[in-house]
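Taken together, the values in this text are just the output of simple stated rules run on the coordinates, not laboratory data. The model shown is predicted, which means the values in this text are computed figures rather than measured ones. Please note: Cβ atoms are built from the backbone with ideal geometry, for glycine as well, and neighbour counts cover all protein chains shown.
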């Protein structure tokens, strides 16, 4: 694991401890238990056609500031208007400039599922994710031990949260083989060095457990990137930077979601 990723995870651990002092886990558990309004991410992604999880992201470690002054509610509305299957919201504050408020403002404006994208390390954060109003959360395989991965995935399912399980290589794919995740994000970006290979998702899709829906993430900038993935058997995408920077994200999404899907990919599996 790179020193930079270690820095992110160290900051996240400190953030969790500070949050725990302000709001005990027992209170988060109580708030999470009150939820009955979860929107199904896996269900939305299973619908026919090109399905896009459109991301709200102010900044990133690799790019720096992207759009610090974005309006989460307005951007989420544009994404939904353009046909997004779901909205992803960065909530990590130190390196991505995100917040729970960004997620809440987005979700209060749309009807599609909203995914919390963060570095989830502990059960505390699973309850926190439900308490802040998210419908689903990201779990990154490479930052967790096997027992952590199993515990967090089982807890999320028990609460009612869908999970996007993120992998990057064959080792990650082998580690999730027995867990049967409904949705697997294949990150084209290597978190250790932040280099990106847009062909990685296509190469790894065949390694996924049977029944897992593949989502290609990172480095997708234009229709040709989507078409290349469609030809390789992937019709679901998580796209952030290009949409955040676009002067008309709704129209861009309309163009992408209108792309023809090979008949063997539509409908499921």
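The simple Förster model, with R0 at 41 Å and r as the Cβ-Cβ distance, assigns residue 81 and residue 232 a FRET efficiency of 0.90.
Within the chain, antiparallel bridges make up roughly 10 percent of the DSSP beta bridges whose residues both belong there.
Applying 0.36 nm per residue to the separation of residue 62 and residue 158 and subtracting their alpha-carbon distance, the gain on full extension is 31.1 nm. Note on 4, 237: ascending count of other Cβ atoms within 10 Å places them as 4, 237, the fewest first. When you restrict to C-alpha pairs under 8 Å that are six or more residues apart and normalise by the size of the chain, the relative contact order lands at 22 percent. Our note on the geometry: Cα centres of region 86-127 and region 195-261, 21 Å apart. Largest GNM mean-square fluctuation across 106, 205, 11, computed for the chain with C-alpha springs under 10 Å, falls on 11. Taken along the Cα-to-beta-carbon direction at a fixed 7 Å, the label points for residue 261 and residue 14 span 4.4 nm. Size descriptors for region 35-171, from the alpha-carbon set: Rg then Dmax equal 14.4, 40 Å. In terms of surrounding Cβ atoms within a 10 Å radius of their Cβ, 37, 118 rank from fewest to most as 37, 118. Going 7 Å from the Cα of residue 111 along its beta-carbon direction, which residues of region 121-147 have the amide nitrogen within less than 20 Å of the resulting point? Label zone hits: 134-136. Full extension of the chain between residue 245 and residue 43 yields a length gain of 69.9 nm, computed as 0.36 nm times the residue separation minus the alpha carbon distance.
Calculated FRET efficiency, residue 170 and residue 4, Cβ-Cβ r, R0 35 Å, to nearest 0.05? Working from the Cβ atoms, E equals 0.95.
When the helices of the chain are scored as -39500 (n - 2.57) per DSSP H run of n ≥ 4 and the total is divided over every residue, the value at 222 nm lands at -11500 deg cm²/dmol. When each of the peptides 19-31, 161-173 is scored by the mean number of other C-beta atoms lying within 10 Å of its residues, the order from highest to lowest reads 161-173, 19-31. Taken along the Cα-to-beta-carbon direction at a fixed 7 Å, the label points for residue 21 and residue 177 span 4.5 nm.
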